[in-house]
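The structure appears below as structure tokens.
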Amino acid sequence: MIQEKTNLELNTPVTGNDPVIEIKELYKSFGTNEVLKGVNLTVNKGENLVVLGKSGSGKSITIKCIVGLMDIDRGEIKVFGSDITKMDNSELNKIRVRIGFLFQNAALYDSMSVRENLGFTLKRHAKDLSAEEVENQIKEILESVGLSEAIDKMPSELSGGMRKRIGLARTLILKPEIILYDEPTTGLDTITSREISELVLEIQKKYKTSSIIITHDMACAKHTSDRLMILKDGVIHAEGTYDELEKSDDEWVRSFFI
Ligand SMILES: Nc1ncnc2c1ncn2[C@@H]1O[C@H](COP(=O)(O)OP(=O)(O)OP(=O)(O)O)[C@@H](O)[C@H]1O
Ligand SMILES: [Mg+2]
């Protein structure tokens, strides 16, 4: 399963066979709409796995299942070695704090400043932190996303790219070991998308996170991926590095790379 990294340009660590997420034979339907029909997927520690697939193929559903936001019909989802589909709410919550989820179209709280947005998230999860510790962590995370100067701004004063960065800061402030990114560059111009992709890579290196990155942005896929998977007709249709899939014998797979 593990393939040797060929894309040295990315300079990301070669990942070992140490799975943090293991999905086996995942099925999920909505009425007669059979979305997932036996998805098998593994994310190794320290790895960025990019998931591609046409709109409606079930990418968002898959990562919602990983954090237990969506009940599954059948299958197994192991996170850090434990099957989350068999957990009660309190067990699930313990796992959830170790997973950051950057939602597709995630919104900040409009009535709160950047500091308050980050502080609110942090204090909800770490109630016993002192005001000084909260302030320090907010500043550290804003520095990580390159937006220290935005601390007193309101969301309405931020550009789309800045809002994405603050959304990412809000995910990062809880120091997740796994980050699930749902279309982190959607709606951004090419240059800003590139900056966000850079940031995704920097986060992987700095915080040693393992990630699933769902994207339609092939520049982002190329830049951030250690490995890619393509979802089609409810299953993983193809898997490999960017370079491998770009040269696939399968015309449908290659069509993503044009
Ligand atoms: N809560 C829901 N109730 C019913 N059907 C749903 C629900 N959520 C998703 N679906 C359906 O499941 C399918 C997959 O949805 P999903 O959001 O995972 O697609 P996606 O691959 O993320 O697409 P996109 O690239 O457009 O974001 C779609 O047909 C969608 O209509
Ligand atoms: Mg989606």
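Taken over the stretch 127-181, residues that are assigned to a loop (DSSP other than H, G, I, E, B), in contact (Cβ under 8 Å) with a residue 12 or more places away in the chain and closer than 26 Å to Ile95 by Cβ amount to 6. Within this structure, Ile203 fails the test of being within 18 Å of the chain's Cα centre (by Cα), within 14 Å of ligand 1 (Cβ to nearest atom) and under 18 Å from Val20 (Cα atoms). Residue selection: Gly160 fails the criterion of being loosely packed, with under 15 Cβ neighbours inside 10 Å, within 16 Å of ligand 1 (Cβ to nearest atom) and among the small types (Gly, Ala, Ser).
Of everything in the stretch 45-54, what is in a strand (DSSP E or B) and either more than 7 Å from ligand 1 (Cβ to nearest atom) or crowded, with 24+ Cβ neighbours inside 10 Å (or both)? Give them in sequence order.
So in the stretch 45-54, the residues in a strand (DSSP E or B) come out as 48-53.
Within the stretch 45-54, Asn48, Leu49, Val50, Val51, Leu52 meet the criteria.
For the stretch 55-113, what are the residues that are of a type in the set (S, T, N, Q), part of a helix (DSSP H, G or I) and either more than 14 Å from ligand 1 (Cβ to nearest atom) or on the phi > 0 side of the Ramachandran plot (or both)? Within the stretch 55-113, Thr85, Asn89, Ser90, Asn93 meet the criteria.
Read-outs: derived from the displayed coordinates by stated rules, not from any lab. The shown structure was predicted, so the numbers you read here are calculated from the model rather than taken from an experiment. All Cβ positions, glycine included, derive from the backbone under ideal geometry; neighbour counts span all protein chains shown.
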